[in-house]
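Visitor: Handing you this structure, nothing more for now.
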Amino acid sequence: MISKSIVNVRYVETDKMGIVHHSVYPIWYELARTDLSKKVGFPYSKMEEVGLMTPLVELNCKYFSPAYYDDELIVTATVSKLTPARIVFYYEVFRKDSNKPINTGYTVHAIVNRDMKPINTKKIFPEIYQAMEKMMNN
């Protein structure tokens, strides 16, 4: 499953050159990742209510072409890899009128309990693991 989130570049997200600052892309990744989890019926708020956390352990971002103020972008998110204790999300950022990505990236998240100890989601929270499996891009 792939989620598609629309982003209109705000002035505050650009630098002196009028280009979207590199630090903004991970924020857009989070927006798309959150939309994806809502789409499968298990938003982060539900996961956190039951004591499941997904802290970031790795971030990768590749820039191919700049985005500018007021550009309308589409940020996609999908799960590219899933284990009972780890989930990897893959992202692409496109201009609305193009099918060529201007940015790609991925984030790796541990799956832990409230004490930040890794857990086996498949055993402890099978319904959440099944929702995560629905996010996979098969």
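Rule-based calculations on the coordinates, nothing more; no lab input. Source: prediction; values computed, not measured. All Cβ positions, glycine included, derive from the backbone under ideal geometry; neighbour counts span all protein chains shown.
Visitor: As an exercise, use a Förster radius of 30 Å and the Cβ-Cβ distance of Asn99 and Lys16 to find the FRET efficiency, rounded to the nearest 0.05.
Guide: After rounding to 0.05, the efficiency reads 0.50.
Visitor: Please compute the net charge surrounding Asn103, taking Lys and Arg as +1 and Asp and Glu as -1 over other residues with Cβ under 10 Å from its Cβ.
Guide: Net charge in that neighbourhood comes out at 0.
Visitor: Here's something else I'd like to know. Please state the relative contact order of the chain as a whole percent: Cα pairs under 8 Å, 6+ residues apart?
Guide: Contact order relative to length: 30 percent.
Visitor: Between (1) 0.95; (2) 1.01; (3) 1.22, which matches Rg/Rh (Cα atoms, Kirkwood Rh) calculated for the structure shown?
Guide: Evaluating Rg/Rh (Cα atoms, Kirkwood Rh) on these atoms matches (2).
Visitor: Sticking with this one: Of the residues Pro126, Pro26, Pro43, which exhibits the maximal mean-square fluctuation in a Gaussian network model of the chain defined by a 10 Å Cα contact cut-off?
Guide: Maximum fluctuation in the GNM of the chain, among the listed residues, is at Pro126.
Visitor: Can you list the lysines whose alpha carbon is less than 26 Å from that of Lys117, not counting same-chain residues fewer than 8 positions off?
Guide: Lys38, Lys46, Lys81, Lys134
Visitor: Let me have the 222 nm mean residue ellipticity of the chain computed from DSSP H runs of 4+ only, each contributing -39500 (n - 2.57), with the sum over all residues rounded to the nearest 500.
Guide: Helices in the chain give a 222 nm mean residue ellipticity of -7000 deg cm²/dmol.
Visitor: Work out the charge dipole of region 3-134 with +1 on the Cβ of Lys and Arg and -1 on the Cβ of Asp and Glu about the Cα centre, then indicate which of Phe94, Ile128, Tyr25 is farthest towards its positive end.
Guide: Ile128
Visitor: Kindly express, to the nearest 10 degrees and within the range 0 to 90, the angle between helix 25-39's C-alpha long axis and the longest C-alpha principal axis of the chain.
Guide: Approximately 50 degrees, to the nearest 10.
Visitor: Hey, in the GNM for the chain with a 10 angstrom Cα cutoff, which one of Ser80, Ser37, Ser65 fluctuates hardest?
Guide: Fluctuation is largest for Ser65.
Visitor: Just flag the chymotrypsin sites (Phe, Trp or Tyr not before Pro) in region 40-138 sitting in loop per DSSP whose Cβ has no more than 10 other Cβ atoms within 10 Å.
Guide: Answer in residue order: Phe64.
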